[in-house]
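As structure tokens, the structure follows; a few thoughts come after it.
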Amino acid sequence: MDVPKLLEAASLLVPAGIATENDITINDVWDYLTHDEWEVALGLLEELGDVRPLPLSFWETLATAAEHMQLKNSAAWCHWRCYETRNGTIRADLTLRPASESRRRTPFSGAGVLRPMWNIGNRIPTGEPTLNIARVWVESTPFLGPGERASVRLGPLDPSEWRHLEPGRTITMHEDPTLAGTAVVLEVHGPTATPTT
């Protein structure tokens, strides 16, 4: 399937009445598609996907279109949203410790590459804390460095271990046994995709 057909297919999955905070609607997407502005149309569809949950096929189709256009960051974002649709969304406000107080000396990529350990309150049978792994997607910035703060999305390796989290809960990030950062949970939403049997 070619890029315009993929973008058209994704467009058909967006309800007619929704609009972004900037009043972008599906009509704007169609306008860009008729002028062969595929990259702009893809970006607008990604924005519309943030207004309310859309089906898994929407994000899968956008990911395929982004891959065909060789838009690495958009493809990664759409794959991330596929993961969240299947497994749920966890957003948090993360503050990294300064370089003088932690192992990290350089910024890390915000595109879901880093997979640190997290103390989210789980314990092993003997009562000692256990750490759980989750990838980190940093919102609104391509990199996050020591001492910096940003809203992040977490992609747990085992989402079932994270179901108890609630907004307001403080969790800690670890890249080794020492504390690398502290996060306050902002949102927790369950999966929106219907499980396949």
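The values are calculated or read from the model by the stated rules, or taken from the named source; none is laboratory data. Computed from a predicted model, the values in this text were never measured in an experiment. Here the Cβ positions follow ideal geometry from the backbone for every residue, glycine too, while neighbour counts run over all protein chains shown. Note: areas computed on protein heavy atoms with side chains; ligands, DNA, RNA excluded. Shrake-Rupley method; radii C 1.70, N 1.55, O 1.52, S 1.80 Å.
Compared with the dominant Cα axis of the chain, that is its longest principal axis, helix 72-87 is turned about 70°.
Ignoring ligands, DNA and RNA, what percent of the accessible area of the stretch 19-124 is carbon or sulfur (1.4 Å)? Kindly include the intermediate steps, with their values, before the conclusion.
Details: 2550 of 5470 Å².
Roughly 47 percent, rounded to a whole number.
Gain on full extension, evaluated as 0.36 nm per residue between HIS164 and ALA99 minus their Cα-Cα distance, stands at 20.3 nm.
What you get for the stretch 1-83, charging only the Cβ of Lys and Arg (+1) and of Asp and Glu (-1), is a dipole of about 340 debye around the Cα centre.
Report the extension gain between ASP23 and ALA193 in nm, rounded to one decimal, defined as 0.36 nm multiplied by the number of residues separating them, less their alpha carbon distance. Don't jump to the answer; show the numbers that get you there.
Numbers: separation 170, 0.36 × 170 = 61.20 nm, distance 2.64 nm.
Contour length minus Cα-Cα distance gives 58.6 nm.
Dipole magnitude of the chain about its Cα centre, charges +1 at Lys/Arg Cβ and -1 at Asp/Glu Cβ only, in debye to the nearest 20? Write out the running numbers ahead of the final one.
Details: 17 positive and 26 negative charges, 209 e Å.
Taking the Cα centre of the chain as origin, the dipole is about 1000 debye.
The residue among ILE171, VAL184, GLY127 whose Cα reaches farthest toward the positive pole of the charge dipole of the stretch 126-190, with charges on the beta-carbon of Lys, Arg, Asp and Glu, is VAL184.
Charges at C-beta only: +1 for Lys and Arg, -1 for Asp and Glu. How large is the resulting dipole of the stretch 152-194 about its Cα centre, in Debye rounded to 20? Kindly include the intermediate steps, with their values, before the conclusion.
Details: 3 positive and 6 negative charges, 33 e Å.
That gives the stretch 152-194 a dipole magnitude of about 160 debye.
Residues of the stretch 72-114 with amide nitrogen under 11 Å from the 7 Å Cα-to-Cβ point of GLU148? Counting only backbone N, you get 96, 106-111.
Springs between alpha-carbon atoms under 10 Å, Gaussian network over the chain: tell me which of ASP176, ASP23, ASP93 tops the mean-square fluctuations. With Cα springs under 10 Å in the chain, the top fluctuation among ASP176, ASP23, ASP93 is at ASP23. Per residue, the chain exposes 54 Å² of solvent-accessible protein surface, assessed with a 1.4 angstrom probe and all protein chains in place.
Among THR61, ALA193, TRP118, which residue has its Cα furthest toward the positive end of the charge dipole of the chain, with +1 on Lys/Arg Cβ and -1 on Asp/Glu Cβ? The one lying farthest along the dipole's positive direction is TRP118.
Can you compute the FRET efficiency between ASN119 and LEU12 using 1/(1 + (r/R0)^6), with r the Cβ-Cβ distance and R0 = 41 Å? Round to the nearest 0.05.
Numbers: r = 44 Å, r/R0 = 1.06.
Approximately 0.40, to the nearest 0.05.
Between VAL40 and THR141, the contour length at 0.36 nm per residue exceeds the alpha carbon distance by 34.4 nm. Note on the stretch 143-196: with neighbouring protein chains present and a 1.4 Å probe, carbon and sulfur make up 55 percent of its accessible heavy-atom surface. For LEU154, what charge total do you get from the other residues with a beta carbon under 15 Å from its beta carbon, if Lys and Arg give +1 and Asp and Glu give -1? In short, 0. Result for the chain in a Gaussian network model with C-alpha springs under 10 Å: among THR182, THR130, THR89, the largest mean-square fluctuation is at THR130.
Suppose R0 equals 35 Å. What FRET efficiency, 1/(1 + (r/R0)^6) with r the Cβ-Cβ distance, do HIS174 and ARG86 give to the nearest 0.05? Once rounded, the FRET efficiency stands at 0.85.
Where Rh is the Kirkwood radius over the Cα pairs of the chain, the temperature 10 °C and the viscosity 1.306 mPa s, what D in µm²/s does Stokes-Einstein return? The estimated diffusion coefficient comes to 88 µm²/s.
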